[in-house]
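The values are calculated or read from the model by the stated rules, or taken from the named source; none is laboratory data. Only a predicted model underlies this, so the values are computations on that prediction, with no experimental measurement involved. Because the Cβ atoms are built from the backbone with ideal geometry, glycine has one as well, and the counts that use them run over all protein chains shown.
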Amino acid sequence: MQTITELTLNDSMFYRNIPVFTYHITYPSFSTTCVLAAAQTANTYYMQLAKTTEQYCRTVLYPQAVESARYIPANYPPFNRYTLDMTYHITYNSGCITSLYMDTYTYMGGAHQELKRTSDTWDFSSGRQLHLDDISPLTPAALTGLQTAIEQQIAERLKESPGAYFEDYPYLLRNNFNQSQFFLRPGQIVIYYQQYEIAPYATGVPEFSFPRPYNQMTTRR
């Protein structure tokens, strides 16, 4: 079993005494009753991810915010500060398996913030990340069946919410299918798509849940 501690990196950055960019990065740190070295592997992974994201904020996004703020010398109208927020969500934590996703929200002007999701499923008996076909064999026939099931779920959702998905969703869900875009919930595998891949902004990150085979959870060696 894993115990999770939340760690944070954050800062507000200024230009001519105007707060122009703020970042808030939260990431997990694990202790485990399984294999200590596995927890160290996961902790190093997330620490490096957080620091890389912080460096990106300071060297890429902050200069972009400054460049935009330069055109409002008197800060009128007030500059709408740019932001990056990275959060994680533990969706499954049992035995030596932990699954989570991380959402990164970036606002760099305009009408909407941008959302990017990533996910990881860890085996803390080995320190390895599980792949989708470690959990459920992804043969060509199985992949076709999975994508057809996603198409059926979308068709049902459209009955309740017309316009919630793009009209060419049967093509888009297959063309944008990414085996790394999954996480676990108790008894379920959840497949997701990025914002705008198969649906308008208002739909967010579409998720599709399927029963998880309990007898298939193997790590590649």
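Taking the options TYR201, TYR192, name whichever one is crowded, with 17+ Cβ neighbours inside 10 Å and under 18 Å from LYS116 (Cα atoms).
Just a single option satisfies the conditions, and that option is TYR192.
Which of (1) outside any strand (DSSP E or B); (2) within 15 Å of the chain's Cα centre (by Cα); (3) of a type in the set (A, V, I, L, M) is the odd one out, the single condition LEU184 does not satisfy?
(1)
Within region 19-43, work out how many residues are within 30 Å of PRO77 (Cα to Cα) and at pLDDT 95 or above. Spell out how you get there, then give the answer.
The first filter runs over region 19-43 and keeps only residues within 30 Å of PRO77 (Cα to Cα), leaving 19-25.
Subsequent filtering for residues that are at pLDDT 95 or above retains 20-25.
So the count comes out to 6.
With respect to the numbered conditions (1) in contact with a Phe, Trp or Tyr (Cβ under 7 Å, 6 or more places away or on another chain); (2) more than 15 Å from PRO28 (Cα to Cα), which one is the sole condition not fulfilled by ASP85?
Every listed condition holds for ASP85 apart from (2).
Inside region 127-160, can you point out the residues that are modelled with pLDDT of 95 or more and hydroxyl-bearing (Ser, Thr, Tyr)?
Residues satisfying the conditions are THR144, THR148.
Can you name every residue in region 1-33 that is over 24 Å from SER94 (Cα atoms) and either of a type in the set (Ser, Thr, Tyr) or not assigned by TED's automatic domain parsing to the domain that holds GLN113 (or both)?
Correct list: THR8, SER12, TYR15, THR22, TYR23.
Given the conditions (1) surrounded by 17 or more Cβ atoms within 10 Å (Cβ to Cβ); (2) in a loop (DSSP other than H, G, I, E, B); (3) aromatic (Phe, Trp, Tyr), which single one is not true for PHE208?
With (1) surrounded by 17 or more Cβ atoms within 10 Å (Cβ to Cβ); (2) in a loop (DSSP other than H, G, I, E, B); (3) aromatic (Phe, Trp, Tyr) applied to PHE208, the lone miss is (2).
With respect to ALA164, is the statement that it is part of a loop (DSSP other than H, G, I, E, B), touching a helix residue (DSSP H, G or I) at 6+ places or on another chain (Cβ under 7 Å) and of a type in the set (A, V, I, L, M, F, W, C) true? Reasoning before the result, please.
Working: part of a loop (DSSP other than H, G, I, E, B): yes; touching a helix residue (DSSP H, G or I) at 6+ places or on another chain (Cβ under 7 Å): yes; of a type in the set (A, V, I, L, M, F, W, C): yes.
Yes.
Taking the condition in a helix (DSSP H, G or I), within 24 Å of the chain's Cα centre (by Cα) and among the aliphatic types (A, V, I, L, M), does LEU173 pass? I'd like the intermediate steps shown before the answer.
Working: in a helix (DSSP H, G or I): yes; within 24 Å of the chain's Cα centre (by Cα): yes; among the aliphatic types (A, V, I, L, M): yes.
Judged against the criteria, LEU173 is a match.
Listed here are the residues, each with its yes/no results for (1) in contact with a helix residue (DSSP H, G or I) (Cβ under 7 Å, 6 or more places away or on another chain); (2) more than 30 Å from TYR46 (Cα to Cα).
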position	(1), (2)
GLN129	no, no
LEU132	no, no
GLN152	no, yes
SER180	no, no
ILE189	yes, no
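Can you name the number of the only condition in (1) without any contact (Cβ under 8 Å) to a residue 40 or more places away in the chain; (2) within 30 Å of GLN188 (Cβ to Cβ) that GLN55 fails?
Failing condition for GLN55: (2).
I want to confirm something. Restricting to region 100-141 and keeping residues that are surrounded by fewer than 16 Cβ atoms within 10 Å (Cβ to Cβ) and either more than 30 Å from PRO78 (Cα to Cα) or not assigned by TED's automatic domain parsing to the domain that holds TYR82 (or both), which single residue is nearest to the chain's Cα centre (by Cα)?
Restricting to residues being surrounded by fewer than 16 Cβ atoms within 10 Å (Cβ to Cβ) and either more than 30 Å from PRO78 (Cα to Cα) or not assigned by TED's automatic domain parsing to the domain that holds TYR82 (or both), the top hit is HIS131.
Condition check ((1) free of Cβ contacts under 8 Å to residues at least 40 places away in the same chain; (2) not acidic (Asp, Glu)) across all residues:
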residue: GLN2; (1), (2): no, yes
residue: THR5; (1), (2): yes, yes
residue: ILE18; (1), (2): no, yes
residue: PHE21; (1), (2): no, yes
residue: GLU67; (1), (2): yes, no
residue: ALA74; (1), (2): yes, yes
residue: ASN80; (1), (2): yes, yes
residue: THR98; (1), (2): no, yes
